[in-house]
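The values are calculated or read from the model by the stated rules, or taken from the named source; none is laboratory data. All values derive from a computational prediction rather than experimental measurement. Every residue, glycine as well, gets a Cβ built from its backbone with ideal geometry; the counts of neighbours run over all protein chains shown.
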Amino acid sequence: MLGKIVAASVNWLFGLLAIFPILALSLLLGGVAPGEFWREILALANLLFYSLALGMFVSSYMRSERHAAGLTIALLMLMLWLPAQIAHWHQQSTGAFELSLWFILPDVTRPLHYASDNLSRTSSDLYWGSLLGSHLVGWCYLLLASLIVPRTWQQSAGKISRWQEGAAQFTYGRNRERRQQFRARALAVNPFYWVAARARGQSLVLWIILAAVVMSFLISWLVDPSDADNAWVHLWPAFLLHTVLKLWIPLAACRRFIEDRRSGALELILSTPLTAGEIVRGQWLALWKQFRGPVFFVLIIDALLLFFGWAAISKGDGKDQLLFLSLSGAGVLVFLADLVALAWLSMWRGMKARHSYVAWLWCVVQLLVLPWLVFYVALTAGAMLIFLPQFVNAGAANNAASMKKWMEWLPHLLTSGWVLLSLAAAILTAWWARRCLQQQFRHQATLSYQPVKAGSPPPLSSAPVPPR
């Protein structure tokens with residue numbers, strides 16, 4: 001286990017070392033003490049070890065790479081949020097002056113908070129205590145993985161093996177008659193639809209995460225009712241639910257094509273009368289079957305948040321009501337457009353990538369990160385072009401009047417620009433990915449079986465066999 005985690009951490013450690021000089025620019029710019037910088041670096045290295053140890057623990061009892069990666073990300077996000085949230089709930093319920101050490105010490109994000117120079121002078125023991133506590137939790141993950149691996153590395157009869165077999169039966173169904181009925185119905189619609197949709201438990205973890213997000217906000221509002229009276233707080237649950245689905249769908253959309261290309265099943269399917277368009281249509285039907293429930297659930301939560309947020313705003317404040325309505329509507333519109341674009345893009349990336357996480361990362365960067373970067377650059381450039389000449393060429397009174405006029409319309413302008421940019425990126429991405437799938441699907445599916453190009457060295461199997 002130690003050799004495995006060292007081998008797995010080499011690339012990530014080099015990446016962390018590569019950003020050290022970039023982070024050290026803050027020392028040259030001023031305002032950051034050398035001790036604060038090195039404490040942050042040590043906390044980041046500890047966070048890297050913690051995440052790798054958690055991944056080793058999860059993968060020790062799971063055989064599917066995709067399931068292990070998804071569960072690791074979900075548990076990591078939960079452990080980054082849950083200890084601090086429990087500590088705040090405990091502080092509010094007990095009326096304590098400080099957070100409880102029992103909840104702070106295992107929190108892996110707490111050293112990042114206490115690494116600042118001001119806090120480290122007054123509470124250096126909290127920094128080193130939380131750093132040591134979270135580091136020991138990572139070693140506990142490695143110890144548990146070392147105890148689990150000898151019992152799960154073989155297909156042997158054991159308690160964990162029986163659990164895995166039970167999970168597989170739950171995924172595909174225990175009732176043989178129902179499986180046969182679904183097979184007959186799915187094959188009548190589209191044969192590839194049956195291949196991609198027969199695993200019924202694929203969205204179970206997604207349902208658990210969505211329910212956990214909703215329950216966390218409900219509990220926080222019960223603990224602090226003042227948050228429920230703030231209309232703008234109602235936007236955060238919708239944003240988190242949208243983000244969860246946007247991150248989940250591309251991972252599920254690309255998985256089928258990647259696994260079938262790796263096993264050679266896609267070439268066999270293309271040798272049948274099924275066309276590339278029918279295969280893509282079957283994949284779309286499978287995605288619709290898997291995600292229609294979560295999508296409708298998120299839309300219902302959006303409607304409830306819109307209703308309660310609207311009720312929290314006073315009736316006489318029409319501007320705030322209009323802004324809240326426009327933000328909520330824009331979020332839902334962009335959410336639906338991104339889902340369609342992410343599905344198309346992920347299917348196309350799944351035809352090119354060798355691993356699902358590579359295709360998922362490309363989709364996230366291309367459709368979710370890049371538009372925000374463009375929006376930020378456009379926002380900065382627009383602010384400089386609009387406000388800077390007014391302060392240079394006008395007086396103080398004109399500046400105040402002009403600034404007040406722009407600030408009244410600024411939220412609506414930002415919302416409109418964000419919606420137009422996001423919709424344009426989603427539409428163009430969906431059109432491009434769909435066009436690539438229609439034109440290059442068969443070529444990408446059989447790319448590993450192309451003949452050897454002229455001038456390239458022959459494979460080892462084609463070397464002449466010497467006579468005996």
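Could you check Gly31 against (1) over 24 Å from Asp107 (Cβ atoms); (2) modelled with pLDDT of 85 or more and say which number it fails?
Looking at each condition in turn, Gly31 falls short on (2).
Restricting region 327-354 to residues that are of a type outside the set (A, V, I, L, M) and over 18 Å from the mean Cα position of the chain (by Cα), which is modelled with the highest pLDDT?
The first filter runs over region 327-354 and keeps only residues of a type outside the set (A, V, I, L, M), leaving 328-329, 331, 335, 338, 344, 346, 348-350, 352, 354.
Cutting the leftovers down to over 18 Å from the mean Cα position of the chain (by Cα) gives us 328-329, 348, 352, 354.
Numbers: Ser328: 86, Gly329: 87, Trp348: 91, Lys352: 86, Arg354: 81.
Residue satisfying both the conditions and the ranking: Trp348.
For region 347-366, indicate whether the set of residues that are of a type in the set (A, V, I, L, M, F, W, C), touching a residue at least 12 places away in the same chain (Cβ under 8 Å) and outside any helix (DSSP H, G or I) is non-empty. Steps first, answer last, please.
From region 347-366, those of a type in the set (A, V, I, L, M, F, W, C) are 347-348, 351, 353, 358-365; that's our starting set.
Still in the running and touching a residue at least 12 places away in the same chain (Cβ under 8 Å): 347-348, 351, 353, 359-360, 362-364.
Filter again for outside any helix (DSSP H, G or I), leaving 351, 353.
Scanning region 347-366 turns up at least one residue that is of a type in the set (A, V, I, L, M, F, W, C), touching a residue at least 12 places away in the same chain (Cβ under 8 Å) and outside any helix (DSSP H, G or I).
Just to check your reading of the model, which residue among Arg262, Arg292 is surrounded by fewer than 16 Cβ atoms within 10 Å (Cβ to Cβ), part of a helix (DSSP H, G or I) and either in contact (Cβ under 8 Å) with a residue 24 or more places away in the chain or not assigned by TED's automatic domain parsing to the domain that holds Ala196 (or both)? Reasoning before the result, please.
Details: Arg292 fails: either in contact (Cβ under 8 Å) with a residue 24 or more places away in the chain or not assigned by TED's automatic domain parsing to the domain that holds Ala196 (or both).
None of the other options fit; the residue is Arg262.
Where in region 94-160 are there helices (runs of 4 or more DSSP H), lying fully within it, with 2 or more residues that are surrounded by 13 or more Cβ atoms within 10 Å (Cβ to Cβ) and at pLDDT below 80?
Values: elements: 101-104, 110-114, 117-122, 124-152.
Helices (runs of 4 or more DSSP H) meeting the threshold: 101-104, 117-122, 124-152.
Looking at (1) touching a residue at least 60 places away in the same chain (Cβ under 8 Å); (2) touching a helix residue (DSSP H, G or I) at 6+ places or on another chain (Cβ under 6 Å), which is the only condition Ala212 fails?
Against the list (1) touching a residue at least 60 places away in the same chain (Cβ under 8 Å); (2) touching a helix residue (DSSP H, G or I) at 6+ places or on another chain (Cβ under 6 Å), Ala212 comes up short only on (2).
Restricting to region 24-48, name every residue that is crowded, with 19+ Cβ neighbours inside 10 Å and out of contact with any His (no Cβ under 6 Å at 6 or more places or on another chain). Working first, answer last.
Just the residues of region 24-48 that are crowded, with 19+ Cβ neighbours inside 10 Å, to begin with: 39, 43, 46-47.
Passing the criteria: Arg39, Ala43, Leu47.
Would it be correct to say that Arg39 is under 22 Å from Tyr127 (Cα atoms) and of a type in the set (D, E, K, R)? Quick ask: steps written out before the conclusion?
Details: under 22 Å from Tyr127 (Cα atoms): yes; of a type in the set (D, E, K, R): yes.
So Arg39 fits the description; yes.
Identify the residue in region 356-365 that is closer than 17 Å to His242 by Cα and not aromatic (Phe, Trp, Tyr) and, among all such residues, is surrounded by the most Cβ atoms within 10 Å (Cβ to Cβ). First the steps, then the outcome.
Just the residues of region 356-365 that are closer than 17 Å to His242 by Cα, to begin with: 360, 363-365.
Remaining after also requiring not aromatic (Phe, Trp, Tyr): 363-365.
On the way: Cys363: 30, Val364: 18, Val365: 11.
Checked region 356-365; the qualifying residue surrounded by the most Cβ atoms within 10 Å (Cβ to Cβ) is Cys363.
Can you tell which of Ala8, Ala43 is in a helix (DSSP H, G or I) and either in contact (Cβ under 8 Å) with a residue 60 or more places away in the chain or more than 23 Å from the chain's Cα centre (by Cα) (or both)? Give the derivation first.
On the way: Ala8 fails: either in contact (Cβ under 8 Å) with a residue 60 or more places away in the chain or more than 23 Å from the chain's Cα centre (by Cα) (or both).
Matching residue, one of Ala8, Ala43: Ala43.
Only one of Ser51, Ser64 is modelled with pLDDT of 80 or more, surrounded by 14 or more Cβ atoms within 10 Å (Cβ to Cβ) and of a type in the set (Ser, Thr, Tyr). Can you tell me which?
Ser51
What number of residues within region 355-381 satisfy the criterion of being touching a Leu at 6+ places or on another chain (Cβ under 9 Å) and at pLDDT below 85?
Adding up the residues that qualify gives 5.
Would you be able to tell me the number of residues in region 103-133 that are more than 22 Å from Met77 (Cα to Cα) and among the acidic types (Asp, Glu)?
2
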